[in-house]
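We did not get these values from a lab; they are worked out from the coordinates using the rules stated. It should be emphasised that the depicted structure is a prediction, and the values quoted were computed from it without experimental measurement. Virtual Cβ from ideal backbone geometry, glycine too; neighbours counted across all protein chains shown.
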Amino acid sequence: MRPSRVRTFLRSLVTAAAVMTALGSAPPPALAHSMLVKAEPPRRAVLAKAPGQVRLWFNEDIEGDYASLTVLDADKHPVTEAKPTLVSDDPKSIILPLPELAPGKYSVKFRVLSVDGHVVDSAFDFTVKGKVQGK
């Protein structure tokens, strides 16, 4: 083989190896979906006073029109007919106002649609040990 052909072949080989290395080390596409990042009351909280609301924060914007948030008592009955609302200055957060809650165990069930189309559906519990919080 002629020296110029050898050089061309080696350059092509080095270029191909560099491209293959770059493609092989590229990070996979991000699979970002909404996730619950904070809740008030927190998961498994034992509260001295009943909360006046439940507020959930997510890591990305959610579609308020498709949000579902329910608080159930120990007998699995909803404690309110109120609907959750998107927080006006925080499109990553929803609130559900609560009536006065008696001491006991409560379950929070939620289902939200993130702006990327992913549905988050989960639940957690909290317990009220003391009196109702003043409004």
Cα Rg over Rh - region 74-135, Kirkwood: 1.01
Paramagnetic reach from H118 in region 67-90 [backbone N under 20 Å; point 7 Å along Cα→Cβ]: 67-69
Taking R0 as 41 Å, what FRET efficiency do you get between L36 and S4 from their Cβ-Cβ distance, rounded to the nearest 0.05? 0.05
Roughly how many nanometres apart are two label points built 7 Å out from the Cα toward the Cβ at S88 and A102? 3.6
Along the dipole axis of region 51-135 (charges at Cβ: +1 for Lys and Arg, -1 for Asp and Glu; origin at the Cα centre), the most positive-end residue among T127, I95, G117 is T127
Would you mind putting 55-62, 78-85 in packing order, based on average other-beta-carbon counts within 10 Å, highest first? 55-62, 78-85
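Once fully extended, how much extra length lies between T80 and D61, figured as 0.36 nm per residue of separation less the alpha-carbon to alpha-carbon distance?
Full extension of this stretch gives 4.3 nm more.
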